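Scroll down for the structure; my scribbles are underneath it.
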Amino acid sequence: MTDSSKTATLTIDGKSFDLPLLSPTAGPDVIDIRKLYAEAGVFTYDPGYTSTASCDSTITYIDGAKGELLHRGYPIDQLAEKSHYLEVCYLLLYGELPKASDLEAFEATITRHTMIHEQMHNFFRGFRRDAHPMATMVGVVGAMSAFYHDSTDISDPRQREIASHRMIAKMPTIAAMAYKYSIGQPFVYPRNDLDYASNFLHMCFAVPAEQYEVDPILSRAMDRIFILHADHEQNASTSTVRLASSSGANPFACIAAGIACLWGPAHGGANQACLEMLKEIGSVERIPEFIARAKDKDDPFRLMGFGHRVYKNVDPRAKVMKQSADEVLDLLGIENNPVLQVAKELEKQALDDPYFADKKLFPNVDFYSGIILEAMGFPTSMFTPIFALSRTVGWISQWKEQLSDPAHKIGRPRQLYLGETARDYIDVEDR
Ligand code: ACO
């Protein structure tokens, strides 16, 4: 990783410090500042980590300028077209595509862990009947450490693996139960004869009173949504998982922290916010008004589903998502869907507008995912839980990678302090 032939020189008050440059397998070189404070007595300042690599990783690579996303080297569009979610999970967790027998064994393991402890059902019932499914998921996933003590010893690689399998297997069950609880329907147990995506759709949409058959095209679209959200290197929720884990916290607590972070509208909450925005726009005629608002510096409104911290080109996941949206709406016979029409026209007008072109703002993965999920019958409150269940494998793979590195340390950023310097306490009667 280190390329000793290259260094960066920092000069402070005439004194120079040589900083090593690390060369990645892809992407820009990284200045190694680990000894900077010890040697030069200064910190770096980078709120939002716009120029800071917080770790090294071999899992996911993004070239934001090219609009490229690779998992373990494989392009996301090839995985979305040729693979399926559990195979992608294996790839992310173990680093290589599985042989047929390994895949079969992995799928069998995940399938056999899909039920949750029966006592956890009581835990759901402690939430208010109208609780947002994300709020329920944060609580229930955090509570898993109280139910699965035999997989919380993070120093044991086998326990780490069991915890990983449990979370990938149980997250759809937890998300579906959170949904069922929020709409007052009975929980539906997982069915091990169904594939991962079909099982999730069944747990969400089946009711004891009647038969529910999962449409294979919808199940394929669901699986693709899972793949497209599976991992995205050091995004906010993944960094949250890594930071929580750096203290030695138990795996379920770390993933609960990731879920909590994902919920925000600038991150996983964007697909819900995007669909709500498309509905608020309502008709193609009103698009210029909303584009003008997005451009107005005095208006906090932003085009949801547009822009990305890393992609300064079309989000490669958005291309696949757009195609999936067309397929699903076609299958369901939803022609001339007004929301889709607004989305397509909004995309066109924004891409033609110099404001968005100059700032390199393109549609992101969330621009079309909400349309598909709504067409499938999910309410907007389920969009982020679906993102959370898809991203669980990414969080876990990154968590596993971090803990496998013997050199990992507790995450502890520094600060640029701008407050008062030391001053004497004043008694209350003298203030
Ligand atoms: N609409 C209008 N203007 C925008 C938008 C947008 N969606 N996104 C960014 N801009 C503008 C900003 O106002 C800013 O302009 P300025 O330079 O004149 O001040 C410039 O583009 C850069 O924006 P930043 O906020 O500095 O970029 P950052 O990388 O911090 O933000 C973010 C990225 C949060 C995703 C942002 O683009 C945004 O808020 N988008 C809408 C929410 C969204 O879709 N989030 C989903 C992200 S994908 C995911 O989490 C799976």
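Of the helices (runs of 4 or more DSSP H) lying entirely inside the range 234-290, those containing at least 2 residues that are within 29 Å of Gln341 (Cβ to Cβ) and within 13 Å of the ligand (Cβ to nearest atom) are 270-281. Checked against the criteria, Tyr90 counts as buried (at least 16 other Cβ atoms within 10 Å of the Cβ), touching a Phe, Trp or Tyr at 6+ places or on another chain (Cβ under 8 Å) and at pLDDT 95 or above. Of all the residues in the range 100-140, those that are under 19 Å from Ile227 (Cα atoms) and assigned to a loop (DSSP other than H, G, I, E, B) number 1. Looking across the range 386-431, the residues that are more than 30 Å from Gly248 (Cα to Cα) and in a loop (DSSP other than H, G, I, E, B) come down to Leu418, Gly419, Glu420, Thr421, Ala422, Arg423, Asp424, Tyr425, Ile426, Asp427, Arg431. The one condition from (1) part of a loop (DSSP other than H, G, I, E, B); (2) more than 10 Å from the ligand (Cβ to nearest atom); (3) over 19 Å from Thr380 (Cα atoms); (4) of a type in the set (A, V, I, L, M) that Val310 does not meet is (2). Restricting attention to the range 164-172, does a residue exist that is surrounded by fewer than 17 Cβ atoms within 10 Å (Cβ to Cβ) and either out of contact with any His (no Cβ under 6 Å at 6 or more places or on another chain) or free of Cβ contacts under 8 Å to residues at least 40 places away in the same chain (or both)? No, every residue in the range 164-172 fails to be surrounded by fewer than 17 Cβ atoms within 10 Å (Cβ to Cβ) and either out of contact with any His (no Cβ under 6 Å at 6 or more places or on another chain) or free of Cβ contacts under 8 Å to residues at least 40 places away in the same chain (or both). Would you pick out the residues in the range 60-87 that are exposed (fewer than 15 other Cβ atoms within 10 Å of the Cβ) and assigned to a strand (DSSP E or B)? The answer is Pro75, and nothing else. What do you reckon, is Thr25 in a loop (DSSP other than H, G, I, E, B) and exposed (fewer than 14 other Cβ atoms within 10 Å of the Cβ)? Taking the combined requirement at face value, the residue satisfies it.
Considering (1) touching a Ser or Thr at 6+ places or on another chain (Cβ under 9 Å); (2) within 22 Å of Glu401 (Cα to Cα); (3) assigned to a helix (DSSP H, G or I); (4) not hydroxyl-bearing (Ser, Thr, Tyr), the lone condition that Leu97 does not fulfil carries the number (3). Cys204 meets the conditions (1) among the hydrophobic types (A, V, I, L, M, F, W, C); (2) under 30 Å from Gly73 (Cβ atoms); (3) touching a residue at least 40 places away in the same chain (Cβ under 8 Å); (4) in a helix (DSSP H, G or I) in every case but one. The failed one is (2). All conditions in (1) under 30 Å from Val214 (Cβ atoms); (2) surrounded by fewer than 17 Cβ atoms within 10 Å (Cβ to Cβ) hold for Tyr368, with the sole exception of (2). Just one of the listed residues (Ser324, Ser397, Ser404) is of a type in the set (Gly, Ala, Ser), surrounded by fewer than 20 Cβ atoms within 10 Å (Cβ to Cβ) and out of contact with any strand residue (DSSP E or B) (no Cβ under 6 Å at 6 or more places or on another chain), and it is Ser404. Restricting Gly264, Gly282, Gly268, Gly248 to those that are out of contact with any helix residue (DSSP H, G or I) (no Cβ under 8 Å at 6 or more places or on another chain) and either at pLDDT below 95 or farther than 18 Å from Pro172 by Cα (or both) reduces the list to Gly248. Considering the range 327-365, the residues that are over 22 Å from His308 (Cβ atoms) and among the acidic types (Asp, Glu) include one that is surrounded by the most Cβ atoms within 10 Å (Cβ to Cβ), namely Glu327. May I ask you to list the residues in the range 142-197 that are small (Gly, Ala, Ser), more than 19 Å from Gly394 (Cα to Cα) and touching a Pro at 6+ places or on another chain (Cβ under 8 Å)? Ser145, Ala178, Ser182 - these are the residues of the range 142-197 that are small (Gly, Ala, Ser), more than 19 Å from Gly394 (Cα to Cα) and touching a Pro at 6+ places or on another chain (Cβ under 8 Å). Among helices (runs of 4 or more DSSP H) entirely within the range 337-385, having at least 1 residues that are at pLDDT 90 or above, away from the ligand (no atom under 13 Å from the Cβ) and under 24 Å from the mean Cα position of the chain (by Cα) singles out 366-376. Residue count for the range 313-325 under the criterion of being near the ligand (Cβ under 9 Å from one of its atoms) and in a loop (DSSP other than H, G, I, E, B): the result is 1.
The values are calculated or read from the model by the stated rules, or taken from the named source; none is laboratory data. Small disclaimer: the values here were computed from a predicted structure and weren't measured. For neighbour counting, all protein chains shown are included, and Cβ atoms are generated from backbone atoms with ideal geometry for every residue, glycine included.
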